[in-house]
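Take a look at the structure below.
Coordinate-derived values only; no laboratory data. The shown structure was predicted, so the numbers you read here are calculated from the model rather than taken from an experiment. Because the Cβ atoms are built from the backbone with ideal geometry, glycine has one as well, and the counts that use them run over all protein chains shown.
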Amino acid sequence: MAVKQPMEDAIIDLHCHILPGIDDGAPDLEESLAMARQAFDQGVRTITVTPHFLPHGDAPPPDEVRQACAALQAALTEHAIELELLPGHEVYLTEEVPRLWREGKLLPLTGEGNKLLVELPLNQYASWISDVLFELQVAGAQVVIAHPERYRYFRDSLELLEEWVARGTVLQVNAGSIVGHYGESVFKVVERLFEQGLVSLIGSDAHSSRRRTFLFDQASAQLHRWGIDAGRLYANHRRLLAGEELDRDIVKALRPWWRLWA
Ligand SMILES: [Fe+2]
């Protein structure tokens with residue numbers, strides 16, 4: 001099979017709502033295929049599908065996600081789109097999540113191992129969040145926090161995120177945040193997260209081929225303008241799945257130029 005670029009440069013997307021009709025992502029197979037073609041054109045070769053798991057709402061069980069993932073994989077093969085799909089969940093954090101994890105009701109990224117993609121409440125911080133993240137860690141999960149830059153309560157202080165990262169939590173920002181698609185305040189938080197060396201991964205969080213799309217190409221260009229090597233960040237995606245140590249000095253080592261005179 002012809003591949004557009006060497007595998008070492010291929011992007012693994014660890015956050016994507018491409019499964020048809022399962023959450024607020026692709027509504028049907030046609031849209032899933034359009035998203036897959038777009039991802040491929042941007043250098044993505046592997047996607048961990050991460051439908052929302054809302055403990056008090058839509059919560060597709062692991063078997064349903066695995067089946068939907070296999071069905072879409074078959075459709076991709078049929079349409080000669082050379083993307084590998086792996087199952088996963090994007091889990092909305094509640095106090096029940098550690099129990100659900102222990103009971104095997106949540107899918108880790110790739111469907112095996114201990115990397116769990118978690119999203120937090122968007123607007124309001126709750127005092128139990130830090131404890132629940134710790135409980136998950138004690139239960140063996142390595143938590144990947146989805147789009148920390150989008151949570152309003154981190155706009156004033158990144159202190160909590162620094163603490164969490166210091167104890168092994170991994171931060172994944174959205175490609176769209178890097179290119180300003182969520183507005184100026186989110187963009188500013190992303191800038192600070194990079195500046196402080198807290199970002200390890202970039203997810204597309206793509207929901208469609210038209211509105212919330214992949215944007216890895218634009219994000220890479222913006223990172224380049226900041227003096228950050230996007231390839232080193234994308235290499236972290238592979239390292240995470242392989243259980244290897246993450247490259248955490250990507251930005252610190254570079255000393256971002258946009259702060260040199262600040
Ligand atoms: Fe998402």
If unit charges are put on Cβ atoms (+1 for Lys and Arg, -1 for Asp and Glu) and the dipole of region 117-163 is taken about its Cα centre, the option from ALA141, TRP128, TYR153 lying farthest towards the positive end turns out to be TYR153
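Rounded, prolate or oblate: which one fits region 184-239, using the alpha carbon gyration tensor with axes a ≥ b ≥ c (rounded when a/c is under 1.5, else prolate when a/b beats b/c, else oblate)?
Working: a/c = 1.68, a/b = 1.23, b/c = 1.37.
Oblate, because a/c is 1.5 or more while a/b does not exceed b/c.
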Exposure proxy check on ILE202, ILE250, ILE18, ILE81: fewest-to-most Cβ neighbours within 10 Å is ILE81, ILE250, ILE202, ILE18
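Quick one: grab the alpha carbon gyration tensor of region 7-259, order the square roots of its eigenvalues as a ≥ b ≥ c, and give me rounded if a/c is under 1.5, else prolate or oblate depending on whether a/b is larger than b/c. Let's see the in-between values first.
Working: a/c = 1.58, a/b = 1.12, b/c = 1.41.
Oblate.
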Once normalised by the length of the chain, the mean sequence separation of its alpha carbon contacts under 8 Å that are 6 or more apart gives a contact order in percent of 18 percent
Residue by residue through region 142-158, the couplings from Karplus 6.51 cos²θ - 1.76 cosθ + 1.60 with θ = phi - 60°, in Hz, x for Gly and Pro, are 9, 7, 10, 7, 7, 5, x, 5, 8, 7, 4, 6, 9, 5, 8, 8, 9
A correct Karplus calculation of ³J(HN,Hα) over region 91-108, with 6.51 cos²θ - 1.76 cosθ + 1.60, θ = phi - 60°, whole Hz and x for Gly and Pro, returns 9, 6, 6, 9, 5, 7, 4, x, 5, 4, 5, 4, 7, x, 8, 10, 8, x
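How long is the gain from LEU160 to GLU82 if the chain were fully straight, where each residue apart is worth 0.36 nm and the alpha carbon distance is subtracted? Show your work: numbers first, answer last.
Working: separation 78, 0.36 × 78 = 28.08 nm, distance 3.99 nm.
Going from the current span to full extension adds 24.1 nm.
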Counting only residues 5 or more apart in sequence or on a different chain, those whose built amide H sits under 5 Å from that of GLU84 are THR46, ILE47
Taking the chain and counting helices only, DSSP H stretches of n ≥ 4 at -39,500 (n - 2.57) each over all residues, the nearest-500 ellipticity at 222 nm comes to -10500 deg cm²/dmol
